[in-house]
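The values are calculated or read from the model by the stated rules, or taken from the named source; none is laboratory data. On a predicted model such as this, the values are computed, not experimentally measured, just so you know. All Cβ positions, glycine included, derive from the backbone under ideal geometry; neighbour counts span all protein chains shown. When the accessible area is computed, the model is the full protein with side chains, heavy atoms only, and any ligands, DNA or RNA have been set aside. Shrake-Rupley method; radii C 1.70, N 1.55, O 1.52, S 1.80 Å.
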Amino acid sequence: MHLVMIGGSDAGISAALRARELDPGADVTVVVADAYPNFSICGIPYYVSGEVTHWRNLAHRTIADLEAAGMWLRLDTTARQIDVPGRKLLITDADGKEDLLGYDKLIVGTGAVPVRPPIGGLDGPDALGPGDGVHLLHSMGDTFAVMRTLESAAPASAVIVGGGYIGLEMADALTVRGLQVTQMEQLPEVLPTVDPQLGALVHAELAAHGVEVLARTTVQAITRNTTSQPGRLHVQAAAADGTAVTRAADMVLVVVGVRPDTVLAAEAGATLGVKGALAVDRGMRTNLPDVFAAGDCVVTHHRLLGQTYLPLGTTAHKQGRVAGENALGGNRQFAGSLGTQVVKIFDQAAARTGLRDHEAQAAGFDPVTVESEADDHKAYYPGSHRIAMRITGDRTTERLLGMQLFGHRHAEIAKRIDIAAAAIFHHMTVDAVSDLDLSYTPPLGSPWEAVQMGTQAWVRQTQH
């Protein structure tokens, strides 16, 4: 059995590892477009900040580890064309030399590419790039370019375009490095994957650490600064009322999301689904014979929504594992995502799982969202922190549909959102969360866990 994986990130490597676990005799080749297989792209902001001291530490596994697991890595190699009838993959190495790889089963894990918004100066013959201090951030190559700017140009200020997860983490990272940061977000509040009430708390945390936050602000162009203002770049934007907004900065980072990278598979005849992602069943099979796909390039089965597109590293790992098992003849199913996410912003953390009110309503539920607060542990023990919660349940069935949390980074926000994720995964009602047997000691919790106090607040409010 010869398996070929295209892509050396979460999905491709997970598929390769699972295949080798199940069949140590399988011939597994991983085609990697760069020289950095199995690197934690999610860890990039912490390398930029200096908290991760060397870029090699971002590797989940070293090249030696991967090769010891029995896979053949083709690094700096680009997949060019899939010959589906012939079951061959055309590849080109770093020197431009072509080769054909035969396969019995192929797993496509081409991931996603950064969205390039229609901002003047990003594209075209006079486009500004990393050498000018204008960066997109998605790969290790992008990371090295950012670090070159930081180390060679010693920028004093930065504008970050985008207030999502990576944008917020980079605002934190660049501030830690001593830069004056301005964050511009087109939507009404930063971190738009949570409700504006919690986004406002994130906004306040950014401001408390010196970040200038400009929500409802659309960036229109980035040019070289020709004014007397300090900073080599000029960012032109517009507020919601049309008022011009301009900032000068030494570097600009554009991080406004990603889109699935599907060109290779689509040209081979693969069907596309939601948001142009590759259509796969829950066994990660495409419509092409002997071709599977997983990760940020494919549609996501959501346990509450059905088919959607929700690129997450946790999801890519799970999908890759399913693809690797099924490529060997298994019949494993991807159980589905709930969009569970958490992000640290300076000393605080925000998390969500499941559906927000408007998402639940659009999906046909009858949602009620209740806001509450609780201590992360008994208040008489020093160092307790308040956790802000927004809990969404269905009015008719009382099923738990979603939860959002915001609190101190030491308040176990990540693990508390996981309680909700497990409850939603297993179709629990809001009230049933109170029946969970959860741990308690005064320095770490309360007899009623904070999440349980939030669900009890939801029950009290909806019973009246």
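Could you work out the helix-only [θ] at 222 nm for the chain, with each DSSP H run of four or more residues adding -39,500 (n - 2.57) and the total divided by the number of residues, to the nearest 500 deg cm²/dmol?
-7000 deg cm²/dmol
What are the DSSP H helices in the chain that stretch 15 Å or more along their long axis, judged by alpha-carbon atoms, and whose average Kyte-Doolittle hydropathy comes to at least -0.5? Before the final figure, lay out the partial values.
On the way: long enough: 10-22 (18 Å, 0.16); 165-176 (17 Å, 1.03); 196-208 (17 Å, 0.82); 313-327 (21 Å, -1.01); 413-425 (18 Å, 1.38); 450-462 (18 Å, -0.29).
Going by DSSP H runs, the hits are 10-22, 165-176, 196-208, 413-425, 450-462.
If you put +1 on each Lys and Arg Cβ and -1 on each Asp and Glu Cβ, how big is the dipole of the chain around its Cα centre, in Debye rounded to 20?
Computed about the Cα centre, the dipole is about 180 debye.
With every protein chain left in place and a probe of 1.4 Å, what is the accessible surface of THR271, to the nearest 10 Å²?
70
Going by accessible area, probe 1.4 Å, with all protein chains left in place, what is the ranking of THR218, THR92, largest first?
On the way: THR218 55, THR92 15 Å².
Per-residue accessible area, sorted high to low, gives THR218, THR92.
5 Å is the cut-off here: which amide hydrogens, built 1.01 Å from N in the peptide plane, fall below it relative to ALA35, excluding neighbours closer than 5 in sequence?
ASP76
Hey, could you grab the Kirkwood Rh for segment 252-332? Inverse mean 1/r over distinct alpha carbon pairs, Å, one decimal.
13.0
What is the percent carbon and sulfur in the accessible area of the chain, measuring with a 1.4 Å probe over the protein chains and ignoring ligands?
Details: 10030 of 19810 Å².
For the chain, the apolar C and S fraction of the accessible surface comes to 51 percent.
Among the aspartates and glutamates, which have Cα under 17 Å from the Cα of LYS105 when same-chain residues fewer than 8 positions away are ignored?
GLU21, ASP23, ASP27, ASP83, ASP281, ASP290, GLU325
So what is the accessible area of segment 219-341 per residue, in Å², with the probe set to 1.4 Å?
41
With a/c under 1.5 counting as rounded, go ahead and sort the chain into rounded, prolate or oblate using the C-alpha gyration tensor (a ≥ b ≥ c being the square roots of the eigenvalues; past the cut-off, prolate if a/b is larger than b/c, else oblate).
Cα axes put the chain in the oblate bin.
Please work out the average accessible area per residue across segment 1-109, using the 1.4 Å probe convention, and give it in Å².
45
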